Amino acid sequence: MNATGLSIGQVALAALMDIALAFAIGSALLERWLSFEGQLARAAWQRARSSLVAATFALVLSDLLWLLYQSASMSGVGLGMALGAVPTVIGHTQVGHGWAIAFAGALLAWVCALAGRGGRAGLAVFWLAIVVIAVGKASIGHAVDAGWFSIAVAVQTLHVLATGAWGGIVLAGGMLVLPALDTSTTRSVLIRVAAQVSQWAATALAVVVVTGIFNAYRGLGGALTPLSDSAWGHVLTLKAALVLFAVLLGGLNRTLALPRLRRTASTTDAHTFNNVLHLEALVILGVFIVAAVLARCPPGYTAMH
């Protein structure tokens, strides 16, 4: 991947799209859990709600900007002239078709977030929108080379959803929501929500790992040589290292910090859990950035030909 202004912009916006989607998923889950906790959790619930609206808006905006950069890249013109190429990209390219699906889902998710998702029906529509976004994103990348209705696209869709859930719970929880529960009066709420964060993140991570292994095997062409002989392999290795670091931090919270917090309910142990979760969130931001770079690199198996 040549580092031009357009390519850097595309990678930055692709990372922002992934981060915004993750924040939307994580904020929606946290908002739901906190809605059962009553007045004590009001401040945290409001943070989750505001985060959800902001994340879906950021997703819509970054989608639009990414399309502009993509149109400029595909048409070989500058950003100022790229608007004229947008209809062609959307109507006549696989990337444009996948983008249109993802953007429709993003718009629907934003509308649902603004409307408060209106009970069970609204909640169902919101999560349908999230699935549509994942399908669209899976149809933009290398997975669609195997066909629109292929196992590769299905696995990538599941990978996008699982990554968004794992990353989003940690990002929204560690950076925005759980710090609002950092008082003695809300300690019991923090413990219950922290347990849900830990359990859901661990479950989503298991799916991330399984689907990630499938994608890595496919991208490597079933051989290990591209790990050392291709840019894709190098970036994949970096991504795997960051994921492993995040897993270690999550494991530390799950096996040490959370059980201790449950036993003591102390301020020190609450701070420990939140601080480790915040650090894990920072590492996950790095995972999303590296994943955006990986998506721009030709698959590793191409280095073998």
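Data table
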read-out	value
Label of the coordinate-derived value, mean projected area of the Cα convex hull in nm², listed as (1) 17.1; (2) 19.2; (3) 16.1	(3)
Convex hull of the range 168-301 built on C-alpha atoms - directionally averaged projected area, nm²	7.8
Two-decimal log10 I(q)/I(0) for the range 30-74, as the Debye equation yields it once each C-alpha is a single scatterer, q = 0.16, 0.22 Å⁻¹	-0.54, -0.70
Among 196-204, 150-158, the order from most to least packed when residues are scored by Cβ within 10 Å on average	196-204, 150-158
Cα-Cα P(r), the range 50-166, percent of pairs per 5 Å interval	2, 13, 18, 21, 19, 14, 9, 3, 1, 0
Of all accessible heavy-atom area on the chain, the percent that carbon and sulfur account for (1.4 Å)	70
Magnitude of the charge dipole, the chain, Cβ model with Lys/Arg +1 and Asp/Glu -1, debye to 20	760
By average C-beta atoms within 10 angstrom, highest first, the peptides 46-59, 77-90, 236-249	46-59, 236-249, 77-90
For the chain: accessible area per residue (Å², 1.4 Å)	45
Length-normalised contact order of the chain in % [C-alpha pairs under 8 Å, at least 6 apart]	22
Mean residue ellipticity (222 nm) of the chain, computed from DSSP H runs ≥ 4 via -39,500 (n - 2.57), nearest 500	-26500 deg cm²/dmol
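The values are calculated or read from the model by the stated rules, or taken from the named source; none is laboratory data. The shown structure was predicted, so the numbers you read here are calculated from the model rather than taken from an experiment. Because the Cβ atoms are built from the backbone with ideal geometry, glycine has one as well, and the counts that use them run over all protein chains shown. Remember, those area values only see protein heavy atoms, side chains included, never the ligands or the DNA or RNA. Shrake-Rupley method; radii C 1.70, N 1.55, O 1.52, S 1.80 Å.
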